[in-house]
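The values are calculated or read from the model by the stated rules, or taken from the named source; none is laboratory data. Bear in mind that the values here come from a model prediction, so they are computed numbers and not experimental data. All Cβ positions, glycine included, derive from the backbone under ideal geometry; neighbour counts span all protein chains shown. Each accessible area value is taken on the protein alone, full model and side chains, heavy atoms only, with ligands, DNA and RNA left out. Shrake-Rupley method; radii C 1.70, N 1.55, O 1.52, S 1.80 Å.
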Amino acid sequence: MLKLLWIGIRLAGLRNTLAAVRAARMRDRLDRGIARPSFTGAGTPPGSLEEAEMRSDGACFRFTHRELEVHFLAPDLVRVTWQPGLLPVPYALADNNWPPVEVKTEETHEGWMLATSELQVHVGREGKLAFRTPGGVLLREEAPPERLDGGWRHRAFLRAEEHIYGLGERATGLNLRPGEYRMWNEDPQGGYTPGHDPLYLCIPVYVGLHRQGCYLVFYENSFEARFCFETAAEACFADGALRYYFIPGPLPRLFERYSALTGRPVFPPRWVLGYHHSRWGFRTSAQIREVAEGFRTHDLPLSAIHLDIDHMDGYRVFTVDPERFGDLPDLAHELAEHGVRLVAIVDPGVKRDPNFVLFREGQQKGYFCRSPDGQTVFAPVWPGWCAFPDFSAPEVRAWWGEQYRRLLTVGISGFWHDMNEPAAFMAWGERTLPLATHHAMEGRGGDHREAHNLYGLLHCRAGYEGLRRLQPERRPFIFSRSGWAGLQRYAWSWTGDTESSWEALHRTVATVLGLGLSGIPGTGPDIGGFAGTPDAELYLRWLQMATFLPLFRTHSRLDAPPREPWTFGESALEIARDYLRLRYRLLPYLYTTAWQTARTGWPMVRPLFWLDPADEALWDVDDAFLLGDVLLVAPVVQPGAVCRRVRLPKGRWIDFWTDAVHEGGKEIEVEAPLSRIPVFARSGTVMPGEEGGCLHLHLYASTGDAGQGILYTDAGDGYGDGRVDRFSVTWEGNRLDVTWEGERSFPPGYTSVQAVFHGITCGRVLVDGREAPAKGEARETGVFRLLQAWVDPAR
Ligand code: GLC
């Protein structure tokens, strides 16, 4: 307790620590009449079915005490709404005009059946629901929901073997069963250890996987909730209508549908996929220059440096300290010449300071959150007492969005949305705004119980929409700590204040995978952990893993020692350099994967069972992941380890480092000295890479393994034309044929192309009928239509 207090004082300052006591007292006064949900006790069931009204896209059912609406948006996407209860403001949903769906309805012995070409929904006379495939296979069965005091309890039966994934950002294992989880975006303050729950980005969405198939359920209810997965899956909500969406599998389809419903993920500019360097505590522009120069002198590639709260004038959002960062435009300019961008932090709290224009304006216009008696709600964050914009009002979002102009003008390229749970320093109780706080909720009105989990999402929406207006020719880059369903439309995320430990490194894999399975595909951890001091080994293992994650950023807490790659000694620096460079060689593949994700909603980082859901041995793997269609990455998460075991999905896998071919569908042991993270490529694929402006087509194709590859190129930013190159790999006996088809008019980005063979040794190689000159192990091919390679049986 004393230690926590000491950390609090060191990080937040003594004044803020004292203010946290006052703030908690004030909050307690405001929230006096508000009961916290207990989610216990018996609820009341819906009663019996009294009336059924069939509609073109579904049906309405009246039970003795409840109403149920079943509404198909697509043949494989159904919305279920139990009332009474407040309907959600559809912040989670993308704008969509769903075409009409043909639904057949039929009265059955048990009740009613509603069926499309993809899904059957059975409604029982006491309120039970069952979801089946058109062939009648049961995917999920739900008990009649129970009405709790203002809220709901919803139970679904789970099969013995059923696994559950998702719920947004969680610091537990990949499979969430058994376990109990809270839906309430929370800042653990200062750092979190594995197992901590909840974290910053909760989403009431999960995937169920069992032997008969898989499905996704998304509850569109932002009130506090508790999820529990034991023999049953139980979800209890504090208030609102019980509205949820059901999507049947297979896995890729779940995410295509879910992202059609809640929005396709953003496609960030290409530079975002490079390496980012950050720390809390870069206090002057001279320090930033020095760091950038360090990267140059040590020959390390770098795409962005992040400015934490230190760059602001007294932590006033959207300001820049005139003394310490007075030359920010020059700094931005100098860095840009070396291809380095600046990313600035944007916290939502606005310092209570009558001389601060943003605060004055917000007060005058009534844009800050207020208590029920109309007073602005203040709570302490880094700047001291702050007011909080009510992003649930469109005019507030527009006003906030306009403020990014100032940061764009001084040369900022990306935005780091932090503390947007919203976090507030409170000496006890919930560390956020009082629950009684009023929110506009697009004019219909609501309180913080409903708006809390939406706050980060709407903060990002305001920023994203503002940036779209201010720089219509650029794709915005925002990454956010908090959010809700739909965040992917506006922003990426990062996994917040992880502790610097081996266990946290391990848990990060499950957290990133879980976020992807919750529709948030772009994320990554603070390399080395936020809180604490990694030694060279832990730092390198973390860096190696993050090389294969969407967001590749080092960051650390104010009290952590410097973490530049050269601070760990010469041999660590060499290894770090190799990985930073590898990241840049992978950029065409990473960019293509980000583009694919933006079109499909598939996670960039996928669990191993994505490739073979029938292989139950893969269902629990939380220390390895797939990056895109080609790579399998197995980070080393144990200190001192120089080898590890990896369970490979079926098919053949080619060692990324040695080209050794492994038969999948079993576990293997591979070497993993400190310089090497085990990585494998799926045989029968083409992975684009680049080096020195030359496109490398990595042909991972052990004899007989056929498949595809894809490369997306465009200007690297903006909304102009792009180009899709598709490769297919087929075999005629011992001859490998690779065909290349380009779509669209954007010119191929590369003039020089090399084919690199992995898993086979080739003798003769013909490119469009002509012999291709050898270039070391590779062949110089140029852009081709057909490559034919004969496997050299002698080697
Ligand atoms: C929060 C963020 C962390 C940041 C710090 C100071 O703890 O999670 O990344 O460095 O605030 O802004």
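Quickly run through the stretch 197-218 and pick out the residues that are within 18 Å of the chain's Cα centre (by Cα) and part of a strand (DSSP E or B).
C202, I203, P204, V205, Y206, V207, L216, V217, F218
Please work out which one of (1) touching a strand residue (DSSP E or B) at 6+ places or on another chain (Cβ under 8 Å); (2) more than 16 Å from the ligand (Cβ to nearest atom); (3) open to solvent by 10 Å² or more (accessible area, probe 1.4 Å); (4) not in a strand (DSSP E or B) is the condition E256 fails and give its number.
Of the numbered conditions (1) touching a strand residue (DSSP E or B) at 6+ places or on another chain (Cβ under 8 Å); (2) more than 16 Å from the ligand (Cβ to nearest atom); (3) open to solvent by 10 Å² or more (accessible area, probe 1.4 Å); (4) not in a strand (DSSP E or B), the odd one out for E256 is (1).
From the residues in the stretch 649-674 that are touching a Phe, Trp or Tyr at 6+ places or on another chain (Cβ under 8 Å) and touching a residue at least 40 places away in the same chain (Cβ under 8 Å), which one is most open to solvent (accessible area, probe 1.4 Å)?
Step by step, filter the stretch 649-674, then rank; the result is V661.
Might you let me know whether the stretch 199-221 holds any residue that is away from the ligand (no atom under 16 Å from the Cβ), acidic (D, E), open to solvent by 10 Å² or more (accessible area, probe 1.4 Å) and under 28 Å from L73 (Cα atoms)?
Scanning the stretch 199-221, I find no residue that is away from the ligand (no atom under 16 Å from the Cβ), acidic (D, E), open to solvent by 10 Å² or more (accessible area, probe 1.4 Å) and under 28 Å from L73 (Cα atoms), so the answer is no.
When you scan the stretch 650-660, do you find a residue that is in contact with a Lys or Arg (Cβ under 7 Å, 6 or more places away or on another chain), among the aromatic types (F, W, Y) and in a loop (DSSP other than H, G, I, E, B), even just one?
Within the stretch 650-660, one or more residues are in contact with a Lys or Arg (Cβ under 7 Å, 6 or more places away or on another chain), among the aromatic types (F, W, Y) and in a loop (DSSP other than H, G, I, E, B).
Against the definition (assigned to a loop (DSSP other than H, G, I, E, B) and within 16 Å of the ligand (Cβ to nearest atom)), how does A560 come out, yes or no?
yes
Taking interchain pairs and intrachain pairs at least six residues apart, which have beta carbon atoms under 6 angstrom, with the first residue in the stretch 547-561 and in contact (Cβ under 8 Å) with a residue 12 or more places away in the chain and open to solvent by 10 Å² or more (accessible area, probe 1.4 Å) and the second in a loop (DSSP other than H, G, I, E, B) and within 10 Å of the ligand (Cβ to nearest atom)?
Going by the 6 Å Cβ cut-off, the qualifying pairs are R557/W280; R557/F530; L558/W280; L558/G281.
Among the residues in the stretch 540-547, are any away from the ligand (no atom under 16 Å from the Cβ), in a helix (DSSP H, G or I) and touching a strand residue (DSSP E or B) at 6+ places or on another chain (Cβ under 6 Å)?
Yes, the conditions are met somewhere in the stretch 540-547.
Kindly indicate whether any position in the stretch 586-594 is open to solvent by 20 Å² or more (accessible area, probe 1.4 Å) and either modelled with pLDDT of 95 or more or of a type outside the set (V, I, T) (or both).
No, the stretch 586-594 contains no residue that is open to solvent by 20 Å² or more (accessible area, probe 1.4 Å) and either modelled with pLDDT of 95 or more or of a type outside the set (V, I, T) (or both).
Can L158 be described as surrounded by 22 or more Cβ atoms within 10 Å (Cβ to Cβ) and either at pLDDT 95 or above or more than 16 Å from the ligand (Cβ to nearest atom) (or both)?
Against the criterion (surrounded by 22 or more Cβ atoms within 10 Å (Cβ to Cβ) and either at pLDDT 95 or above or more than 16 Å from the ligand (Cβ to nearest atom) (or both)), L158 does not qualify.
Examine the stretch 382-403 for a residue that is more than 16 Å from the ligand (Cβ to nearest atom), modelled with pLDDT of 95 or more, open to solvent by 10 Å² or more (accessible area, probe 1.4 Å) and at positive phi, and state whether such a residue exists.
The answer is no; no qualifying residue exists.
Tell me the residue from G47, G85, G127 that is out of contact with any Pro (no Cβ under 8 Å at 6 or more places or on another chain) and either part of a strand (DSSP E or B) or buried (at least 17 other Cβ atoms within 10 Å of the Cβ) (or both), please.
G85
Of the residues that sit in the stretch 130-140 and are open to solvent by 60 Å² or more (accessible area, probe 1.4 Å) and within 23 Å of E69 (Cβ to Cβ), which one is farthest from the chain's Cα centre (by Cα)?
P134
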